[in-house]
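To start, the structure under review is shown below, and the notes come after it.
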Amino acid sequence: MRGESDLKITEEVIPHIEKAMGLKLYENQVNHLLGKSWSATGRRNGKTLSHCIKLALSEGEPLNMKKPYEFSDYGDGSRRYAYYFYKNEFMRIRDKLKYYGFAVRNIRF
């Protein structure tokens, strides 16, 4: 996986993502990663995980970790969520993907 930029997430890549994360993704998460619509509602349904994976594997300008509210899934709508929960969760997920060998999005502080 190393060296791929702007990785196109396909059915073939999903098992590698699951192995990197050490978990089995839910059907909604897989569909979200494949660009399909999200059908679950409410909290604790795994959307933040799939959002972080998708963002970490995307191409673009380095993400400004001083302003995580600019790219977070925004959870409860507060900046507190972005600064504390989302930022830590994104970094944890990004690090696992990078350690596995995926080319991940650059960040800056």
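The numbers here are math on the coordinates, done by the rules we state, and not lab data. Here the structure is a predicted model, which means the values were calculated and not measured. With ideal geometry, Cβ positions are generated from the backbone for all residues, glycine too; neighbour counts draw on all protein chains shown.
Per-residue ellipticity at 222 nm from helix content only, as computed over the chain with -39500 (n - 2.57) for each DSSP H run of at least four residues, stands at -10500 deg cm²/dmol. Ratio of Rg to Rh for the chain: 0.94 [Cα atoms; Kirkwood radius as inverse mean 1/r over pairs].
Rounded to the nearest Hz, the phi-derived 3J(HN,Hα) couplings of the stretch 83-92 under the Karplus curve 6.51 cos²θ - 1.76 cosθ + 1.60 (θ = phi - 60°) are 5, 9, 6, 4, 4, 5, 5, 4, 5, 4, where x marks glycine and proline. Mind giving me the FRET efficiency for residue 11 and residue 67? R0 is 35 Å, r the Cβ-Cβ distance, nearest 0.05 is fine. Using R0 = 35 Å, I get an efficiency of 0.55. Return the long-range amide H neighbours of residue 107 (sequence gap of 5 or more, or a different chain), with a cut-off of under 5 Å between placed amide H atoms. The answer is 63.
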